[in-house]
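Have a look at the structure below before the remarks.
Rule-based calculations on the coordinates, nothing more; no lab input. Given the structure is predicted, the values throughout are model-derived calculations rather than measurements. Neighbour counts run over all protein chains shown; Cβ positions are idealised from the backbone, glycine included.
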Amino acid sequence: MKKFRFIVCAMMALAMLSCEKDPRGTREYDPMKSLPESVVWDFYGRYPEATDIMVIGGEKEVKISLIDKDGYKNEAIYVNGEWTYSQKSLDVKDFLNVFPKPVRSAYVKTGISHEYFYESNYVLEIERAGMAQKQYEVDCLGYYVDGDELIDNLVYHIVITEDGTLLSYSHRLFNQSIWWADLSPAMDFVRSKYPNASILGAANDGEQYLYIRHEGILKTVTFHSAPSAEDFEWRHTEYALPMDTMLPAHVRKEIKEYEAENPGQKWFELSMLETIEGFFYGLKFGTELDNIRFYLGTDEE
């Protein structure tokens, strides 16, 4: 009997020693274990209380999804071991209360109201390497009053910077920005072509847009999207001009003739387009939802 007690005690002592070595018992699989140390350190610096961590990807690009300390779903992208992009999915039922005050104010000023969201719609808070500010992106549906007609299920896509600058307000379908996480080649092009420009945000609807502020002017730089970020090709750059801009005679003539030939299609927007072929005035006629735009060279041919 004494011998049996001794064996039992010895087994209990071994069990206690085992517990001391690993107080949590059997360790669960750590999804971060296979990642470079630099990625792990950066990730936990950004998300010190992350839970539900999942890692997807290979050696070049890695996506880490998680739930942050406030309960929001987040995704972070690392390219070649460097942090490139993060997005937080905000609650579509309560996003205005989470928006910083300048963003909330800019959003309300767009005039959108009674917006609603289906499963594919979203509200995102985005951070991207190379951009000093966060970007807030809203993709939703809503109502729109066009004259005497009430339009339902109208697409809205709105992009606003952290300081309240409205970058984009449109009724086109856009892709989520995370699909093109690495925009460094496009950013390098912008910095080369527009020295001292501030890169404010980005969006993609099949073409890639970078929104910049250059010499005090808000501009949209457009690239052909490509399977690889290295293959982005600059298409053009466009920015708004005041409607009272003094235009050349040939442009004023075209405006007058177009309005005369198309009653009800009034000129309502002016822009400048920069391409590899030169500069062109952009003229938009009609209404916000039903319009046509064409371009005329700055010099009469």
Length released on extending from Ser89 to Lys69, taking residue separation times 0.36 nm less the Cα-Cα span = 5.9 nm
Counting sequence-distant residues (5 or more places) and residues on other chains, those with an amide H built under 5 Å from that of Ser225 are Gln208
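Give me the count of lysine pairs in segment 56-205 whose alpha carbons sit under 16 angstrom apart, restricted to pairs 8 or more positions apart or on different chains.
Values: Lys63/Lys73; Lys63/Lys88; Lys69/Lys88; Lys73/Lys88; Lys73/Lys93; Lys88/Lys134; Lys101/Lys109; Lys101/Lys134.
Pairs that pass both the separation and distance tests number 8.
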Just add up the charged neighbours of Ile126: K/R +1, D/E -1, any other residue whose Cβ is under 13 Å from the Cβ of Ile126.
-> -3
Calculate I(q)/I(0) for segment 128-254 by the Debye formula, one identical point scatterer on each C-alpha and no solvent, and give its log10 at q = 0.16, 0.22 Å⁻¹ to two decimals.
-> -0.88, -1.28
Where GluC sites (Glu not before Pro) fall in DSSP loop in segment 133-177, at most 10 other Cβ within 10 Å = none
Helix-derived mean residue ellipticity, 222 nm - over the chain, DSSP H n ≥ 4, -39500 (n - 2.57), to 500 | -6500 deg cm²/dmol
Take the chain, drop everything but the C-alpha atoms, weight them equally and run the Debye formula without solvent; then report log10 I(q)/I(0) at 0.07, 0.15, 0.16 Å⁻¹ to two decimals.
-> -0.39, -1.28, -1.40
Top of Asp231, Asp42, Asp30 by mean-square fluctuation, Gaussian network on the chain, Cα under 10 Å | Asp30
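Please identify every one of the GluC sites (Glu not before Pro) in segment 35-73 that sits in a loop by DSSP and has no more than 12 other beta carbons within 10 Å of its own beta carbon.
Numbers: sites: Glu37, Glu49, Glu59, Glu61; in loops: Glu49, Glu59.
Loop-located and lightly packed - Glu49, Glu59.
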Which three extents, in whole angstrom, do the alpha-carbon atoms of segment 202-285 cover along their principal axes, largest first?
-> 47, 28, 22
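What share of Cα pairs, in percent, lie more than 21 angstrom apart in segment 111-194?
40 percent
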